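K.L.:
Handing you this structure, nothing more for now.
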Amino acid sequence: MNNINIGKSKLSASEITLGCMRIAELSTTDAAKLIHTAMDEGINFFDHADIYGAGKSEEIFAQAIEMNPNVREQMIIQTKCGIRPGYFDFSKEHILNSVDLSLKRLQTDYIDVLLLHRPDTLVEPEEVDEAFTILHNSGKVRHFGVSNQNPLQIELLNKHLHHKLIINQLQLSITNTGMIDSGINVNMHIDRSIDRDGSILDYCRLKDITIQAWSPFQYGFFEGVFLNNDKFPELNNTIDRIAEEKGVSNSAIAIAWILRHPAKIQPVVGTTNTDRLKDICKASNITLTRQEWYEIYRAAGNQLP
């Protein structure tokens, strides 16, 4: 497994992250098998959120690995806060309380990275800074980031934050390429030229903010997976052919497509199937050619100008 540096920090992380949203559905035994498989494959970055399984995912994760200092030092643990039933909450009180509860569930005394989960339009950046400063000074959180935010939202926060944001987690897959499309179709009077996110891809590259790609196998907004899906015959034929040529699974090619981008995007994979996880991890040893990358992009229905 190749490693990447996260943002401007000194964190050296696996270029593929295990997303732990669905761990709440597993038994402790099955969760342990999944986590240890990930570690055996070279994954050291684990993504959580306080809302995953209403906190149960964090609990089972800690129980499954029998959390202790020796295991903890081998991991980079990330969690998120800010989504509450029916609203978003970036208040100082909620951030501090959420972290304390996550630490308790994860059975650890520190979190490597805390992300603000979805934008809160009522955010008061000074209040976020107060929370982040308390968390950092107390040793509870070492680094900070956001999820699903555009450049100006990040700029607004960073204007006031003493601990700058190093991650932005965004939806990206072969069939969800909005942040790529607008950059390819500049100055074109077509839908793909519409910049819906403020050139977030280029912004993050300029600011050395690591993009984490969530739902890398999904199309639409949790409508389903595109692999082996009759709705995407050309795309699957192309992916399957390239996968066969390289001796890997179609899942590995879907992740290799994201890894090929020079922005060093970190895919967050949420499978709970250990065999599929092993297949996915083979993507780290594959480098698609420029021609293959664009062929897959076009097969997803994207026309080049």
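The values are calculated or read from the model by the stated rules, or taken from the named source; none is laboratory data. These figures come from a predicted structure and were not determined experimentally. When we count neighbours, we look across all protein chains shown, and the Cβ atoms used for this are built from the backbone with ideal geometry, even at glycine. We work out accessible area using only protein heavy atoms, side chains counted, and drop any ligands, DNA or RNA first. Shrake-Rupley method; radii C 1.70, N 1.55, O 1.52, S 1.80 Å.
K.L.:
Of the residues Asp275, Asp279, which is of a type outside the set (Phe, Trp, Tyr), over 15 Å from Pro216 (Cβ atoms), in a helix (DSSP H, G or I) and open to solvent by 30 Å² or more (accessible area, probe 1.4 Å)? Working first, answer last.
P.N.:
Details: Asp279 fails: over 15 Å from Pro216 (Cβ atoms).
Only one candidate passes the filter, namely Asp275.
K.L.:
Another question, if that's okay. Answer yes or no: is there a residue in region 253-267 that is charged (D, E, K, R) and either open to solvent by less than 10 Å² (accessible area, probe 1.4 Å) or within 21 Å of the chain's Cα centre (by Cα) (or both).
P.N.:
Among the residues of region 253-267, at least one is charged (D, E, K, R) and either open to solvent by less than 10 Å² (accessible area, probe 1.4 Å) or within 21 Å of the chain's Cα centre (by Cα) (or both), which makes the answer yes.
Matching residues to (1) surrounded by 20 or more Cβ atoms within 10 Å (Cβ to Cβ); (2) over 24 Å from Thr272 (Cβ atoms):
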| position | (1), (2) |
| --- | --- |
| Gln212 | yes, no |
| Tyr219 | yes, no |
| Phe232 | yes, no |
| Leu235 | yes, yes |
| Ile239 | yes, no |
| Gly247 | no, yes |
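K.L.:
For region 94-109, how many residues meet the condition of being touching a strand residue (DSSP E or B) at 6+ places or on another chain (Cβ under 8 Å) and open to solvent by 10 Å² or more (accessible area, probe 1.4 Å)?
P.N.:
Residues flagged as touching a strand residue (DSSP E or B) at 6+ places or on another chain (Cβ under 8 Å) and open to solvent by 10 Å² or more (accessible area, probe 1.4 Å) within region 94-109 amount to 3.
Here is a yes/no grid of residues against (1) in contact with a Leu (Cβ under 9 Å, 6 or more places away or on another chain); (2) at pLDDT 95 or above; (3) not in a loop (DSSP other than H, G, I, E, B):
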position	(1), (2), (3)
Cys204	yes, yes, yes
Phe221	no, no, no
Asn228	no, yes, no
Glu234	no, yes, yes
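K.L.:
Still on this structure, I have one more. Please verify whether Asp30 is in contact with a helix residue (DSSP H, G or I) (Cβ under 9 Å, 6 or more places away or on another chain), without any contact (Cβ under 8 Å) to a residue 24 or more places away in the chain and of a type in the set (D, E, K, R), treating the condition exactly as stated. Break it down stepwise before answering.
P.N.:
Working: in contact with a helix residue (DSSP H, G or I) (Cβ under 9 Å, 6 or more places away or on another chain): yes; without any contact (Cβ under 8 Å) to a residue 24 or more places away in the chain: no; of a type in the set (D, E, K, R): yes.
Spelling it out, it is not the case that Asp30 is in contact with a helix residue (DSSP H, G or I) (Cβ under 9 Å, 6 or more places away or on another chain), without any contact (Cβ under 8 Å) to a residue 24 or more places away in the chain and of a type in the set (D, E, K, R).
K.L.:
Inside region 77-93, can you point out the residues that are in contact with a strand residue (DSSP E or B) (Cβ under 7 Å, 6 or more places away or on another chain), more than 14 Å from Leu122 (Cα to Cα) and of a type outside the set (Val, Ile, Thr)?
P.N.:
Residues satisfying the conditions are Gln78, Lys80, Cys81.
K.L.:
Taking only region 11-20 into account, find how many residues are aliphatic (A, V, I, L, M), farther than 25 Å from Asn158 by Cβ and part of a loop (DSSP other than H, G, I, E, B).
P.N.:
1
K.L.:
Let me ask another. Identify the residue in region 191-210 that is within 18 Å of the chain's Cα centre (by Cα) and open to solvent by 70 Å² or more (accessible area, probe 1.4 Å) and, among all such residues, is nearest to Leu11 (Cα to Cα).
P.N.:
Asp208
K.L.:
Identify the single condition in (1) in contact (Cβ under 8 Å) with a residue 12 or more places away in the chain; (2) over 13 Å from Met75 (Cα atoms); (3) surrounded by fewer than 18 Cβ atoms within 10 Å (Cβ to Cβ); (4) not charged (D, E, K, R) that Gly19 does not satisfy, given that it satisfies every other one.
P.N.:
The one condition Gly19 does not meet is (3).
K.L.:
Pick out the one residue from Lys80, Lys56, Lys8, Lys33 that is outside any helix (DSSP H, G or I), surrounded by fewer than 18 Cβ atoms within 10 Å (Cβ to Cβ) and not acidic (Asp, Glu).
P.N.:
From the options Lys80, Lys56, Lys8, Lys33, the qualifying one is Lys8.
K.L.:
While we're on this one: Being touching a strand residue (DSSP E or B) at 6+ places or on another chain (Cβ under 6 Å), modelled with pLDDT of 95 or more and either farther than 21 Å from Pro262 by Cα or hydroxyl-bearing (Ser, Thr, Tyr) (or both) is the requirement here; does Gly55 meet it?
P.N.:
When the stated conditions are applied, Gly55 does not pass them.
K.L.:
Of everything in region 110-152 that's open to solvent by 10 Å² or more (accessible area, probe 1.4 Å) and among the hydroxyl-bearing types (Ser, Thr, Tyr), which residue is nearest to Tyr87 (Cα to Cα)?
P.N.:
Looking at residues that are open to solvent by 10 Å² or more (accessible area, probe 1.4 Å) and among the hydroxyl-bearing types (Ser, Thr, Tyr), I get Thr121.
K.L.:
Which of the residues spanning region 160-176 are open to solvent by 30 Å² or more (accessible area, probe 1.4 Å) and hydroxyl-bearing (Ser, Thr, Tyr)?
P.N.:
Thr175
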